[in-house]
1. Every residue in the range B:396-408 that is assigned to a helix (DSSP H, G or I), more than 8 Å from every other protein chain (Cβ to nearest Cβ) and either crowded, with 18+ Cβ neighbours inside 10 Å or in contact with a Ser or Thr (Cβ under 6 Å, 6 or more places away or on another chain) (or both), please.
2. Do you know which of the residues in the range B:106-120 that are in a loop (DSSP other than H, G, I, E, B) and in contact with a helix residue (DSSP H, G or I) (Cβ under 8 Å, 6 or more places away or on another chain) is farthest from the other protein chains (Cβ to nearest Cβ)?
3. Residue check: is residue B:386 within 14 Å of chain A (Cβ to nearest Cβ), within 25 Å of the chain's Cα centre (by Cα) and either under 19 Å from residue B:53 (Cβ atoms) or in contact (Cβ under 8 Å) with a residue 40 or more places away in the chain (or both)?
4. Residues that are part of a helix (DSSP H, G or I), at pLDDT 95 or above and either in contact with a strand residue (DSSP E or B) (Cβ under 7 Å, 6 or more places away or on another chain) or closer than 19 Å to residue B:183 by Cβ (or both): does the range B:336-355 have at least one?
5. Which of (1) of a type in the set (A, V, I, L, M); (2) surrounded by 15 or more Cβ atoms within 10 Å (Cβ to Cβ); (3) without any contact (Cβ under 8 Å) to a residue 24 or more places away in the chain is the odd one out, the single condition residue B:287 does not satisfy?
6. I'm trying to understand the selection: among the residues of the range B:63-105, which are within 7 Å of chain A (Cβ to nearest Cβ) and surrounded by fewer than 19 Cβ atoms within 10 Å (Cβ to Cβ)?
7. Specify which of the listed residues (B:218, B:234) is modelled with pLDDT of 95 or more, buried (at least 22 other Cβ atoms within 10 Å of the Cβ) and in a loop (DSSP other than H, G, I, E, B).
8. If you go through the range B:344-366 one residue at a time, how many are surrounded by 14 or more Cβ atoms within 10 Å (Cβ to Cβ) and over 21 Å from the mean Cα position of the chain (by Cα)?
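The values are calculated or read from the model by the stated rules, or taken from the named source; none is laboratory data. Being a predicted model, the structure only gives us computed values, none of them experimental. Here the Cβ positions follow ideal geometry from the backbone for every residue, glycine too, while neighbour counts run over all protein chains shown.
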Protein chains: 2
Amino acid sequence: MDVFDKLTLHIPDTDKPRIVIIGGGFAGIEISKKLKNLPVQLVLLDRHNYYTFIPLLYQVATAGLEPDSVAWPLRKLMEDFPDSYFRMAKVNRIAPEEKKIYTAVGALHYDYLIIASGSRTNYFGMEDKFKLSFPLKRVPQALDLRSHILQNFEKVVMTQDEEEKNKLLTFCIVGGGPTGVEVAGALGELKQHVLPKDYPEIDFAFMRIVLIEGTGRLLNGMSEKSGKRALQYLKDFGVDVRLNTMMDSYNGQEIFLKGGEKIQSQTLVWAAGVQGNVIDGFSEDKIIKGRIAVDAYNRVAGYEDIFAVGDVAVMRTEHFPNGHPMLAPVAIQQGKHLAKNFKNLLEKAPLKPFKYFDKGYMATIGRKRAVVDLPKRGSFGGFFAWLIWMVIHLFFLIGFRNKLIVLFNWAYNYFTYDRGIRLIIRTFINEEKNKKKE
Amino acid sequence: MDVFDKLTLHIPDTDKPRIVIIGGGFAGIEISKKLKNLPVQLVLLDRHNYYTFIPLLYQVATAGLEPDSVAWPLRKLMEDFPDSYFRMAKVNRIAPEEKKIYTAVGALHYDYLIIASGSRTNYFGMEDKFKLSFPLKRVPQALDLRSHILQNFEKVVMTQDEEEKNKLLTFCIVGGGPTGVEVAGALGELKQHVLPKDYPEIDFAFMRIVLIEGTGRLLNGMSEKSGKRALQYLKDFGVDVRLNTMMDSYNGQEIFLKGGEKIQSQTLVWAAGVQGNVIDGFSEDKIIKGRIAVDAYNRVAGYEDIFAVGDVAVMRTEHFPNGHPMLAPVAIQQGKHLAKNFKNLLEKAPLKPFKYFDKGYMATIGRKRAVVDLPKRGSFGGFFAWLIWMVIHLFFLIGFRNKLIVLFNWAYNYFTYDRGIRLIIRTFINEEKNKKKE
């Protein structure tokens, strides 16, 4: 079918139990790191050869960071793990009855399987109606969006048609969660501080940023207070926030809202939601709202040897009757916990149930502003929240090189009111977009 | 025809003479910077929105630098130039009799035209036979090559077929000039220091780097001594240098050499040469060996108002009967000189002829080694030459941010024997390559 025609997975057999991990995201890499000293063979599969720090992807899309600084080569992670194998391969199907996974390059037997395949963009069944929108879950998507945004401004200076100009200068984002709010804030900052220097010919009063949210508030996962604060910050940036607004379709030129209104825009960022990146092979009763049901040990119900962690897993607890939020801290904690449980498992000791330690939630809204919710200590916003947001993100970013380059870029962006990274690497994005779609 | 359908160049008319510059490369940006204080209107056209520091492109292709650090937004360059306009547009044709240029988005009148369109890959009429090779003149090409190289290793670990493995592990470069030598050296370094850590499953003794050169020596533009030194350095890295070797064709799997021999390889980097990026519109007598003939003032013969500078121009002098070498220093000096002459031109003072100040030549060959030719002072190599190479390249790199990030990456690469930037961003490159071809 493709270049992988002649390829096979080819993992040598050993006496040690083979643990196969699907996905090198937050959960997958935590487990990989922690299993190092156990007597196991580890196979990590991912369709990319790098891990993506998704919380900063929006800064790649808005010209604040280079893609290489928010990603990390997965092979580097496994360098000092004696019996470990990385394969760049997409898993198509799990066959629990055979204890095998099937990929584009062949099948592989596992003794234990850990599904850490994360999440993917959720179009809520309307992918066809919104296929010209820009999702923001992967590095190439962020690069596409960056090129598209910058290319729009290049087109504006070459456009006389007022309606066309208006479409080019209107940037819509659907979804008032952290990603949507952060993209809107970053665009607000570009509008206020960065782009006017580059495009003296453009009157930026005509640049519109519209954030569309279906419910009555922003940041539904956070406190009421933080939602209101974020709304105020966005309004200060001139963002047009439309709450209680549902969308019908998008044709690349016009967004049709439910109720008849339409917004002329050549840019729609799809930040409306994610769903578990479930892999084929389980019966329907194992899937709850698009995520794989697991018990308190992250075991997929009914199997002793299959686990699911992070966004793809749903563990229903008293506190979280619908499962934990699909966020990095949950994935990290579940990954760490499962790695510890594996030690027990191999030693035939009893497993310990997972308990989420809530460290709080945060989102940033452009320059010098963020909102933070701390458990028990309430919520706050402003400059201090923004500093905390930066420190925490730097801390969780993997790799000394990445931390330093991100820190330097942030300092540069802050002090110069500029963005160093403004290359349009892919022209004619619109035409190519459909081909590139997952 | 494309997204630029509804666009026009649209430059406001003024009383000041309009200078149109085609190309934001070394020559084009020097002129743009220097014309700032003259009473002119400046229009800079480039098909990209960034300037590319081509001498470091090979480090992008070999995972040493991120693309954003060897490029610079052209608009940033023009920020403090009062009456200047940048347009991201490709010029298709020059019409000297109308004093107009024609682009995909319309025509534009000029009072003075400066052609600084640089050079493009020269296939010596065999583009069809080598369309599956990788050129290395533009940022997207460097990214393609990087992804291809890294993807090859991902495939090797999934391959059992020995012939296929051999093809994947053989990297050929055609052209023994600076680019070819630098790519071969950088691959040698990856082989020796970087990749074995990532791919413990691969026996790197089987990784072959083959440098193919048609003449009897390397670095033809430099001294005999430097050519020999470069050859020795490459041999120390285990590079198989084939001098006096001509190529016949390449089918993506096998390179057919003249004489019947063939080399099995899935990677052929085309560094065999460049040609002037000549734009249609001149009669044949104005073109000499694919470059536009200019007089000592960089004026295109027969025109008072058209100039050509840098790689695209050929100025035949006593010292350089075939024109100056197609190198950055020539472009920079011609650009600066022409900008000064424009002052004279506007003041109706006599123009001064261009004289090339030869500062020497250099090339680097992997870690800690380079060759330098200084005029009158002879040539030298080794560690000190490598340091000089780095200082000079940092000096000429545009922008504080870029300098610092490149310096940091070099230090990181040097001290860790590692490369931070190893993302395969475009999978299935081979399939997509043909579509993306210029």
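1. B:406
2. Restricting attention to the range B:106-120, the residues satisfying the condition of being in a loop (DSSP other than H, G, I, E, B) are B:110-111, B:116-118.
Now narrow it down to the ones that are in contact with a helix residue (DSSP H, G or I) (Cβ under 8 Å, 6 or more places away or on another chain): B:116-118.
Details: B:116: 20, B:117: 17, B:118: 17 Å.
The selected residue is B:116.
3. No: the conditions fail for residue B:386.
4. Yes, the conditions are met somewhere in the range B:336-355.
5. Looking at each condition in turn, residue B:287 falls short on (2).
6. B:79
7. None of the other options fit; the residue is B:218.
8. 4
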